[in-house]
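Read through the structure below, which is laid out as structure tokens, and then see the notes.
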Amino acid sequence: MPGINIRAMEPADIEDSFNLIPSVASDFLFPTYSEEGKREFKAKLGQIKSRLADKKYISFVAEDSGKIIGIVQGSIREGHASLGLLFVDRRYHRNGVGTGLMEMAENQFRKEADVVKLSSSIYALEFYQRIGYAKTTGLRSKKGIVYYPMKKNLR
Ligand SMILES: CC(C)(COP(=O)(O)OP(=O)(O)OC[C@H]1O[C@@H](n2cnc3c(N)ncnc32)[C@H](O)[C@@H]1OP(=O)(O)O)[C@@H](O)C(=O)NCCC(=O)NCCS
């Protein structure tokens, strides 16, 4: 999409990146969560925010004219990459923003890891399948948060 720039997250982006998460979660994740799951997700927002500021994590943003419209975050530990967050502003869905963010994160992961794992929302399942991820088990649920464990070989 013209005008959209995907780049490493900077400290000045943290507030706007964080603000995207509750609204996108409430539109696309909460419809599949139980009440317990919604409470659990909300209780984790503080941890999510502090991770956005943590340089141990690999974080990229998508921006349109200075406005943050997407965020991806993952990490690598002992040669294993895992994806933690992927959120795109609903007004920009189906324009390649999620794919672009994932490409940036995967390029970074590939420097140190062979495989990336993630927990997909029910909503994002087709998206992840489209970009090469496969389910490793059926649907799982943890404290009311439902997800598909998925992985992709990076090489
Ligand atoms: C999942 C998400 C990040 C995808 O972002 P996006 O920018 O819309 O994705 P893209 O435009 O790069 O999509 C690439 C392809 O994936 C598939 N896809 C994306 N969204 C889809 C959907 N809702 N239903 C079916 N297929 C979908 C399509 O094949 C799409 O290509 P097309 O638009 O040419 O048909 C976005 O929908 C989102 O933020 N969802 C809510 C939060 C969420 O579920 N995050 C994942 C948590 S693990």
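So is I58 more than 15 Å from the ligand (Cβ to nearest atom), free of Cβ contacts under 8 Å to residues at least 60 places away in the same chain, hydrophobic (A, V, I, L, M, F, W, C) and in contact with a helix residue (DSSP H, G or I) (Cβ under 8 Å, 6 or more places away or on another chain) or not?
yes
Among the residues of region 79-110, write down those that are polar (S, T, N, Q) and touching a strand residue (DSSP E or B) at 6+ places or on another chain (Cβ under 7 Å).
Taking region 79-110 as the starting set, the residues that turn out to be polar (S, T, N, Q) are 82, 95, 99, 107-108.
Scanning region 79-110 gives S82, Q108.
Go through (1) assigned to a strand (DSSP E or B); (2) within 22 Å of K38 (Cβ to Cβ); (3) within 12 Å of the ligand (Cβ to nearest atom) for Y123 and report which single condition fails.
It fails just one condition, (1).
Only one of E106, E112 is surrounded by fewer than 17 Cβ atoms within 10 Å (Cβ to Cβ) and either part of a helix (DSSP H, G or I) or more than 9 Å from the ligand (Cβ to nearest atom) (or both). Can you tell me which?
E112
Scan region 59-68 residue by residue and report those that are surrounded by fewer than 22 Cβ atoms within 10 Å (Cβ to Cβ) and touching a Leu at 6+ places or on another chain (Cβ under 9 Å).
Of everything in region 59-68, just one residue is surrounded by fewer than 22 Cβ atoms within 10 Å (Cβ to Cβ) and touching a Leu at 6+ places or on another chain (Cβ under 9 Å), namely I68.
Would you say S34 is hydroxyl-bearing (S, T, Y) and buried (at least 19 other Cβ atoms within 10 Å of the Cβ)? Give the derivation first.
Working: hydroxyl-bearing (S, T, Y): yes; buried (at least 19 other Cβ atoms within 10 Å of the Cβ): no.
Answer is no for this residue.
Only one of I76, I48, I14 is assigned to a strand (DSSP E or B), hydrophobic (A, V, I, L, M, F, W, C) and over 16 Å from S120 (Cα atoms); which?
Values: I48 fails: assigned to a strand (DSSP E or B); I14 fails: assigned to a strand (DSSP E or B).
None of the others qualify; the one that does is I76.
Quickly run through region 14-62 and pick out the residues that are of a type in the set (G, A, S) and under 20 Å from G98 (Cβ atoms). Explain how you work it out, then say what you get.
So the first thing to find is which residues in region 14-62 are of a type in the set (G, A, S), and the list is 17, 23, 25-26, 34, 37, 43, 46, 50, 53, 59, 62.
Those that are of a type in the set (G, A, S) and under 20 Å from G98 (Cβ atoms): S17, S23, A25, S26, S59, A62.
Hey, can you tell me all the residues within region 10-37 that are hydrophobic (A, V, I, L, M, F, W, C) and within 16 Å of the ligand (Cβ to nearest atom)? Before the answer, list the steps.
Looking only at region 10-37, we keep the residues that are hydrophobic (A, V, I, L, M, F, W, C), and these are 12, 14, 18, 20-21, 24-25, 28-30.
Across region 10-37, the qualifying residues are F18, L20, I21, V24, A25, F28, L29, F30.
Yes/no matrix, rows are residues, columns are (1) out of contact with any strand residue (DSSP E or B) (no Cβ under 8 Å at 6 or more places or on another chain); (2) closer than 28 Å to N95 by Cα:
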residue: N5; (1), (2): no, yes
residue: M9; (1), (2): no, yes
residue: V24; (1), (2): no, yes
residue: F30; (1), (2): yes, yes
residue: E36; (1), (2): yes, no
residue: A43; (1), (2): yes, no
residue: R51; (1), (2): no, yes
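Need the failing condition index for R77 against (1) more than 14 Å from the ligand (Cβ to nearest atom); (2) surrounded by 14 or more Cβ atoms within 10 Å (Cβ to Cβ); (3) charged (D, E, K, R), just the number.
(2)
Does region 87-94 contain any residue that is buried (at least 19 other Cβ atoms within 10 Å of the Cβ) and within 6 Å of the ligand (Cβ to nearest atom)? Explain how you work it out, then say what you get.
Filtering region 87-94 down to residues buried (at least 19 other Cβ atoms within 10 Å of the Cβ) leaves 87-88.
Adding the requirement that they be within 6 Å of the ligand (Cβ to nearest atom) leaves 87-88.
Yes, region 87-94 contains at least one residue that is buried (at least 19 other Cβ atoms within 10 Å of the Cβ) and within 6 Å of the ligand (Cβ to nearest atom).
Under 9 Å between Cβ atoms, which residue pairs at least 6 apart in sequence (or on different chains) link something in region 138-155 that is within 13 Å of L125 (Cα to Cα) and touching a residue at least 60 places away in the same chain (Cβ under 8 Å) with a partner that is part of a strand (DSSP E or B) and more than 11 Å from the ligand (Cβ to nearest atom)?
These pairs meet every condition: V146/R140.
Each reported figure results from applying straightforward, stated rules to the coordinates on display, with no laboratory input. Computed from a prediction, not measured in an experiment: that's the story for all the values here. We place every Cβ from the backbone using ideal geometry, glycine too, and count neighbours over all the protein chains shown.
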